[in-house]
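Q: Before I ask anything, here is the structure I am working with.
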Amino acid sequence: MTGRTLKILLAVSVALNLFALAGGVTLYAARAKVERQVEDQARPGRGQSFMGLTDRLSPEARDRVRTALRQSAHAARPDFDAARAARREAVTRSRAETYDPAAIQALLEQSRLAEMRGRARLESDLLALMNTLSPADRAVMSRLLARRSGRGPGGVHGGPHGPRDAQPDGPPPSAD
């Protein structure tokens, strides 16, 4: 073999090694992303609607629970609508020529309070409904109590339909 042939073979070998290395890094990164997505979907209360959860209830409770959840959501809707409207107004005012941080803060507070009222209504209706269920059906519906609003860091949806982290809050840290 001549020196020129060895140089060509060396260049081809380096190119193949770089290609293999890039493929390995891509595979590793894609695998890590898929594992994170699977973990996120495996969290309780994630990716499952209220009505989808009722499919796992006993047949005798299913329709009654769906009706009660629908009525509760309908009753809480004005609170969530008010929360969205106040937040939209706060965003609009924050873009205005004259900036009034006190007014914007008040609108954001109104939004949070309205959302909390809506969530409180949904949760109290759910608790009353769960009082009428069998222990097995109650266990299925208890997953709804673990849901959190999607607002906050990383949240994508507001209100009760945007769970981001379904782990319930633990006790507050001690002041020791």
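Q: Cβ under 11 Å from Asp137's Cβ, Asp137 left aside: what net charge do those residues give with Lys, Arg +1 and Asp, Glu -1? Don't skip to the answer; put the middle values down first.
A: Values: positive: Arg56, Arg62, Arg64, Arg138; negative: Glu60.
Result for the neighbourhood of Asp137: +3.
Q: In what sequence, largest accessible area first, do Ser58, Ser13 appear using a 1.4 Å probe?
A: Ser13, Ser58
Q: Right, next: Please turn the phi angles of region 132-138 into ³J(HN,Hα) values with the Karplus equation 6.51 cos²θ - 1.76 cosθ + 1.60 (θ = phi - 60°), one per residue in order, whole Hz, x for glycine and proline.
A: 9, 9, 6, x, 5, 5, 5
Q: Which net charge results when you count Lys and Arg as +1 and Asp and Glu as -1 among the other residues whose beta-carbon is under 13 Å from that of Glu89? Don't skip to the end; give the middle numbers.
A: On the way: positive: Arg84, Arg87, Arg88, Arg93, Arg95; negative: Asp81, Asp100, Glu109.
Charge balance near Glu89 sits at +2.
Q: While we're looking at this one, here's another question. Each residue of region 115-128 in turn: what ³J(HN,Hα) in whole Hz from Karplus with 6.51, -1.76, 1.60 and θ = phi - 60°, glycine and Pro shown as x?
A: Once θ is set to phi - 60°, the couplings for region 115-128 become 5, 5, 4, x, 5, 4, 4, 4, 5, 5, 5, 5, 5, 5 Hz.
The values are calculated or read from the model by the stated rules, or taken from the named source; none is laboratory data. None of these values were measured; they are calculated from a predicted model. So basically every Cβ, Gly included, is an ideal-geometry build from the backbone, and we count neighbours across all protein chains shown. The accessibility values were calculated without ligands, DNA or RNA, using every heavy atom of the protein model including side chains. Shrake-Rupley method; radii C 1.70, N 1.55, O 1.52, S 1.80 Å.
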